[in-house]
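Below: one structure, written as structure tokens.
The values are calculated or read from the model by the stated rules, or taken from the named source; none is laboratory data. Model, not experiment: these values are computed from the prediction. Methodologically, a virtual Cβ is constructed for each residue, glycine included, from the backbone with ideal geometry; neighbour enumeration extends over all protein chains shown. Heavy atoms of the whole protein, side chains included, go into the accessibility calculation; ligands, DNA and RNA do not. Shrake-Rupley method; radii C 1.70, N 1.55, O 1.52, S 1.80 Å.
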Amino acid sequence: GNGGSRQTVTRLLRRSRVAADIARSARDASLGVYNALVCGVLARRRGSDIRTERAIRRILVVKLDRLGDVIMASAFFRELRKNYPDATITAVTSAESLALLQSCPYVDRTMAAPASLLNILAARRIARSLQSRFGSPDLAIIPRYCVDLYGAGWVSFFSGAPFRMAFTESATPRK
């Protein structure tokens, strides 16, 4: 049930003081459990804190969803900027959402991806284009709640980011 999910989220967030601080600000901004978890998990990799392991200077956010989903993620971008004020945030999004993210004050650079379902080869081309234009990111994030139908995972994988982060509510064969 929903109570079990909240308890699991709470346990995950307590593992790192940095993650808990980020998640607390996300919850305070009324982002809900999903965005709190996404923000909180940013700081974890094999039990170490990526904020102290190396500086995060370039962040790639792959948000290939429809316009409404991108609008709902605007608070996520705000909290990301708040926690990484000196990082360059690049967003890859659908063509229909490009203008929205270009006007977002928390995003430095944007790139449109095809609106169709991406296959592995298309995702690789997009990632190579990103690398040639902006360099490899230090961190790639996919702030998506459900099944990744658009190939954001592949774009993240091919981006060359040493840290990649995504979220799933529950694992299913499709995920």
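Here is a list of conditions, (1) at pLDDT 90 or above; (2) open to solvent by 70 Å² or more (accessible area, probe 1.4 Å), and Thr110 meets all of them except one; can you say which number that is?
Against the list (1) at pLDDT 90 or above; (2) open to solvent by 70 Å² or more (accessible area, probe 1.4 Å), Thr110 comes up short only on (2).
If I filter region 72-92 down to residues being hydroxyl-bearing (Ser, Thr, Tyr) and outside any strand (DSSP E or B), which single residue comes out as nearest to Ile56 (Cα to Cα)?
Tyr84
Out of curiosity, is Arg174 of a type in the set (D, E, K, R) and either modelled with pLDDT under 80 or open to solvent by less than 40 Å² (accessible area, probe 1.4 Å) (or both)?
In short, yes.
Six or more apart or on different chains, Cβ atoms under 7 Å: show the pairs whose first residue is in region 121-138 and touching a residue at least 12 places away in the same chain (Cβ under 8 Å) and whose second is assigned to a helix (DSSP H, G or I).
Ala123/Trp154; Ala123/Val155; Ala123/Phe158; Arg124/Phe158; Ile126/Val155; Ala127/Val155; Ala127/Phe158
Name, by its number, the condition in (1) in contact with a Lys or Arg (Cβ under 8 Å, 6 or more places away or on another chain); (2) open to solvent by less than 70 Å² (accessible area, probe 1.4 Å); (3) modelled with pLDDT of 90 or more that does not hold for Glu79.
Of the numbered conditions (1) in contact with a Lys or Arg (Cβ under 8 Å, 6 or more places away or on another chain); (2) open to solvent by less than 70 Å² (accessible area, probe 1.4 Å); (3) modelled with pLDDT of 90 or more, the odd one out for Glu79 is (1).
Looking at region 114-132 only, could you name the residues that are open to solvent by 40 Å² or more (accessible area, probe 1.4 Å), out of contact with any strand residue (DSSP E or B) (no Cβ under 6 Å at 6 or more places or on another chain) and not in a helix (DSSP H, G or I)?
Matches in region 114-132: Pro114, Ser116, Leu117, Asn119.
Looking for whichever is in contact (Cβ under 8 Å) with a residue 24 or more places away in the chain, under 19 Å from Ala161 (Cα atoms) and either of a type in the set (D, E, K, R) or open to solvent by 70 Å² or more (accessible area, probe 1.4 Å) (or both) here; the options are Arg57, Arg66. Which one fits?
Arg57
Quickly run through region 100-146 and pick out the residues that are within 17 Å of the chain's Cα centre (by Cα), closer than 17 Å to Phe76 by Cβ and among the hydroxyl-bearing types (Ser, Thr, Tyr).
Tyr106, Thr110, Tyr145, listed by residue number.
What single numbered condition from (1) at positive phi; (2) open to solvent by 70 Å² or more (accessible area, probe 1.4 Å) fails to hold for Gly135?
Among (1) at positive phi; (2) open to solvent by 70 Å² or more (accessible area, probe 1.4 Å), the lone unmet condition for Gly135 is (2).
Would you please name the residue that is most open to solvent (accessible area, probe 1.4 Å), looking only at residues in region 152-170 that are modelled with pLDDT of 85 or more and not in a helix (DSSP H, G or I)?
Looking at the filtered set, the residue picked out is Arg164.
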